[in-house]
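Colleague: Got a structure for you, questions after.
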């Protein structure tokens, strides 16, 4: 297996995944609309095993790249509840319809790996396993839950990522941990709603590792969904904020008079993926320290503009 197609290959996960696959000797085709430019993968551009194509996965011309792939990793998407709520039609077109069309065209010999989300669980009182009924509370969670059905129907692999954090060549500051660090350093305060709601977290580096792992284990993982995260990274919001507060002095403002629109509140078990050999390596504490170092450099040199 040598040919990899990565949709969204210049994004937060994709830019790191593209580099990792190239280092492992794969031929990689990146399909991306480059909303954030080509800079995240520019350092890889001279690699002869890399092909870069500017195209929207909704464009039927993108389907011609399916036949050349041994493995397709779908990272393209409208991500997170604010972006999906802002344009529900576009979110459905990209997150659901395009996935359905792509999976309809793959063969039984190809591996399709879908980036899904643990946020599809929504509000759950018990610890979530892959058998827990899906109960999304956001458009994003609903989109991912629906798309997952098409992936599994075609014997693909769906990875339900925990909330990501960490440094990537295409940084995101709309993710909770990254956002807390940015606000703490840039603004000197952070406002938190539903401070005791639980979330589960995963470094972007471990997300990349899990995709490569799923491909390596495709014979046993095809047709399955997996929670991707770590049992020791189930935290409440206030616990995350207090971890940042260990390293950065900032004001924590708990707003008890308003609600976060994203009302997810759940804990997740990662036994299923652990049972076939995957465990995360990066701790939340280490990820926070990396982010603090990065954001302080950004602040010193005023280079937030591209993020």
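The values are calculated or read from the model by the stated rules, or taken from the named source; none is laboratory data. Quick caveat: nothing in here was measured; it's all calculated off a predicted structure. Neighbour counts are summed over all protein chains in view; Cβ atoms, including those assigned to glycine, are modelled from backbone coordinates with ideal geometry.
Colleague: Quick one: which residue in 102, 89 is under 27 Å from residue 138 (Cβ atoms) and exposed (fewer than 14 other Cβ atoms within 10 Å of the Cβ)?
Modeller: Sole residue among the options that is under 27 Å from residue 138 (Cβ atoms) and exposed (fewer than 14 other Cβ atoms within 10 Å of the Cβ): 89.
Colleague: Could I ask something else about it? Being touching a strand residue (DSSP E or B) at 6+ places or on another chain (Cβ under 8 Å) and crowded, with 16+ Cβ neighbours inside 10 Å narrows it down to one of 142, 119, 169, so name that one.
Modeller: 119
Colleague: Quick one: which helices (runs of 4 or more DSSP H) sit completely within segment 200-292 and have at least 2 residues that are crowded, with 21+ Cβ neighbours inside 10 Å, within 19 Å of the chain's Cα centre (by Cα) and modelled with pLDDT of 95 or more?
Modeller: 204-216
Colleague: Which of the residues spanning segment 22-32 are closer than 20 Å to residue 65 by Cα and over 17 Å from the mean Cα position of the chain (by Cα)?
Modeller: Matches in segment 22-32: 22, 25, 26, 27, 28, 29.
Colleague: When segment 20-59 is examined, which residues are found to be part of a helix (DSSP H, G or I) and touching a residue at least 40 places away in the same chain (Cβ under 8 Å)?
Modeller: 20, 21, 39, 40, 41, 43
Colleague: Moving to a separate point now. Quick one: how many residues across segment 170-186 are modelled with pLDDT under 95 and over 19 Å from the mean Cα position of the chain (by Cα)?
Modeller: 1
Matching residues to (1) loosely packed, with under 14 Cβ neighbours inside 10 Å; (2) at pLDDT below 95; (3) within 20 Å of residue 214 (Cβ to Cβ); (4) touching a strand residue (DSSP E or B) at 6+ places or on another chain (Cβ under 9 Å):
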site: 5; (1), (2), (3), (4): no, no, yes, yes
site: 9; (1), (2), (3), (4): no, no, yes, yes
site: 23; (1), (2), (3), (4): yes, no, yes, no
site: 29; (1), (2), (3), (4): no, no, yes, yes
site: 43; (1), (2), (3), (4): yes, no, no, no
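Colleague: So, one more: Could you list, in sequence order, the residues of segment 103-134 that are within 19 Å of residue 270 (Cβ to Cβ), in a loop (DSSP other than H, G, I, E, B) and at pLDDT 85 or above?
Modeller: Answer for segment 103-134, where residues must be within 19 Å of residue 270 (Cβ to Cβ), in a loop (DSSP other than H, G, I, E, B) and at pLDDT 85 or above: 129, 130, 131, 132, 133, 134.
Colleague: Need the failing condition index for residue 180 against (1) at negative phi; (2) in contact (Cβ under 8 Å) with a residue 40 or more places away in the chain; (3) surrounded by fewer than 18 Cβ atoms within 10 Å (Cβ to Cβ), just the number.
Modeller: Of the numbered conditions (1) at negative phi; (2) in contact (Cβ under 8 Å) with a residue 40 or more places away in the chain; (3) surrounded by fewer than 18 Cβ atoms within 10 Å (Cβ to Cβ), the odd one out for residue 180 is (3).
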